[in-house]
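One structure is given below, encoded as structure tokens.
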Amino acid sequence: MLEQIDETVNLGDRGLQVRPLGIGAWAWGDRFFWQYGSEYGETQVREAFEAAIAAGVTFFDTAEVYGQGESERLLGKFSQQCETPVQIATKYGPLPWRIFKSSVYDAVSASLERLQLDCIPLYQVHWPFTCFMSQETLLNALADEVERGRIQAIGVSNYSADEMTQAQQILARRGVPLAVNQVRYSLLSRAIETQGILDTAKDLGVVLLAYSPLAQGLLTGKYTSNASNPGGGRKMDPKFSAKGLQRIEPLLGILRELGQRYDKTPAQVALNWLMAQGGVIPIPGAKNGQQAQQNAGALGWTLSPEDWTRLEQASRPWL
């Protein structure tokens with residue numbers, strides 16, 4: 001059942017409202033996967049930030065591990081110099097040496113300092129690693145931070161349906177809702193549907209943040225089997241090979257056709273397909289102002305049910 005795309009989406013029950021589209025800031029400061037500092041730098045990502053704000057996109061997702069904290073530092077700097085209120089989400093990494101509740105307190109403190117904030121709007125667990133600190137301990141430590149006023153809403157990332165349900169139950173005992181589960185989701189990555197994550201999130205009232213919603217650029221139409229020259233980590237992804245690109249060409253053809261019909265780009269159509277389901281917020285990356293501006297073109301309109309279904313059927317090989 002498709003829904004009209006809302007102007008804002010509530011994350012949790014503590015007043016955090018965001019637009020149904022955000023910006024993922026993994027590439028802001030990351031030198032290993034994205035070559036930050038060689039192909040682009042602070043000037044370009046500042047332009048991405050400013051272009052997003054100008055287009056009405058004020059929700060930014062980062063993590064303490066992105067660029068070893070550089071992504072948070074950049075977002076903190078940019079947001080302090082911006083008159084428009086922004087909503088920032090970041091993530092805690094449950095690393096092996098973090099075995100005590102004090103580790104959570106220390107990590108929140110460090111992120112607050114880099115982000116130049118007194119309270120983090122959305123704080124997420126980056127992945128469900130439970131060997132050294134149980135979910136019970138971790139999530140209760142995060143609930144403590146909500147009570148301290150240093151976190152507004154709690155989320156998780158890369159959690160299965162069962163793990164998400166367990167997290168929701170633990171937090172509910174503290175009177176804190178689970179706001180989001182951040183998962184890989186796009187027309188070329190629909191496993192969360194067959195794994196029950198999408199339906200469980202809807203049942204629990206948990207919003208899904210869709211990372212890599214453009215499949216690292218594959219759904220933009222930029223890469224073709226005749227002209228594929230991906231850089232960075234994309235070189236290791238078989239989907240960017242000539243054979244992989246040939247496989248997705250029929251889907252890209254539909255995105256191009258619908259883009260012409262709606263006067264949108266293929267990427268904007270792909271993002272709109274995600275948002276039209278309701279309870280899904282894509283957070284595509286943007287390394288420059290042009291990319292951020294193009295992402296924002298997914299807002300303000302909705303695919304027809306027939307066109308949405310056509311894309312759903314064409315992308316079923318990636319369920």
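The values are calculated or read from the model by the stated rules, or taken from the named source; none is laboratory data. What you see is a predicted model; the values in this text were computed from it and never measured. Note that each Cβ is placed from the backbone with ideal geometry, even for glycine, and that neighbours are counted across all protein chains shown. Remember, those area values only see protein heavy atoms, side chains included, never the ligands or the DNA or RNA. Shrake-Rupley method; radii C 1.70, N 1.55, O 1.52, S 1.80 Å.
Points 7 angstrom from Cα along the Cβ direction at Trp127 and Lys77: gap in nanometres?
A separation of 2.9 nm, rounded to one decimal place.
Under the 0.36 nm per residue contour assumption, what length would be gained going from the current alpha-carbon distance of Lys101 and Gln17 to full extension?
That pair, Lys101 and Gln17, stretches by 27.4 nm at full extension.
In a GNM of the chain with a 10 Å cut-off on Cα contacts, which of Trp97, Trp34, Trp127 has the highest mean-square fluctuation?
Sorting by GNM fluctuation, first place goes to Trp97.
For the chain, what relative contact order do you get, as a whole percent, if you take Cα pairs closer than 8 Å and at least 6 residues apart?
22
Report the relative contact order of segment 85-137, percent, no decimals, based on alpha-carbon pairs under 8 angstrom and at least 6 residues apart.
Values: 51 pairs, mean separation 29.6, N = 53.
Computed value for segment 85-137: 56 percent relative contact order.
Per DSSP helix of 4 or more residues, -39500 (n - 2.57); summed, then divided by the residues of the chain. What does that give at 222 nm, rounded to the nearest 500?
Taking each H run of at least 4 residues, the total per residue is -12000 deg cm²/dmol.
Provide the per-residue ³J(HN,Hα) series for segment 50-57, in order, calculated from phi with Karplus coefficients 6.51, -1.76, 1.60 and θ = phi - 60°, each as a whole number of Hz, with x at glycine and proline positions.
5, 5, 4, 4, 4, 8, x, 9
Ignoring ligands, DNA and RNA, what accessible area per residue does the chain give at 1.4 Å, in Å²?
Details: 13790 Å² over 319 residues.
So the chain comes to 43 Å² accessible per residue, rounded to a whole number.
If you average the alpha carbon positions of segment 174-209 and of segment 256-319, how far apart do those two centres end up, in angstrom?
The distance from the Cα centre of segment 174-209 to that of segment 256-319 comes to 18 Å.
Tally up the carbon and sulfur contribution to the accessible surface of the chain as a whole percent, 1.4 Å probe, everything protein left in place.
48
Lys/Arg Cβ at +1, Asp/Glu Cβ at -1, dipole of the chain taken about the Cα centre: which of Tyr262, Leu311, Ala107 is farthest positive-ward?
Final value for the positive-end residue is Leu311.
For a test of understanding, tell me how many lysine pairs in the chain have Cα atoms under 16 Å apart, given they are 8 or more places apart or on different chains.
So the count of such lysine pairs works out to 7.
Dipole magnitude of the chain about its Cα centre, charges +1 at Lys/Arg Cβ and -1 at Asp/Glu Cβ only, in debye to the nearest 20?
Value, rounded to 20: 740 debye.
How far apart, in nanometres, would the label points at Ala110 and Glu312 be if each is projected 7 angstrom from Cα along the Cα-to-Cβ direction?
If labels sit at Ala110 and Glu312, their model points lie 4.4 nm apart.
Among Glu64, Glu306, Glu249, which one moves the most in a GNM of the chain with springs linking Cα atoms closer than 10 Å?
Result for the chain, Cα springs under 10 Å: Glu306 fluctuates most.
Just Gly221, Gly196, Gly41 to compare: in a GNM of the chain, with alpha carbon springs under 10 Å, which one fluctuates most?
Most flexible of the set in this elastic network: Gly196.
Starting from the Cα-Cα distance between Thr43 and Cys119, subtract it from 0.36 nm times their residue separation and give me the gain in nm to one decimal.
Extending this stretch completely gives an extra 24.7 nm.
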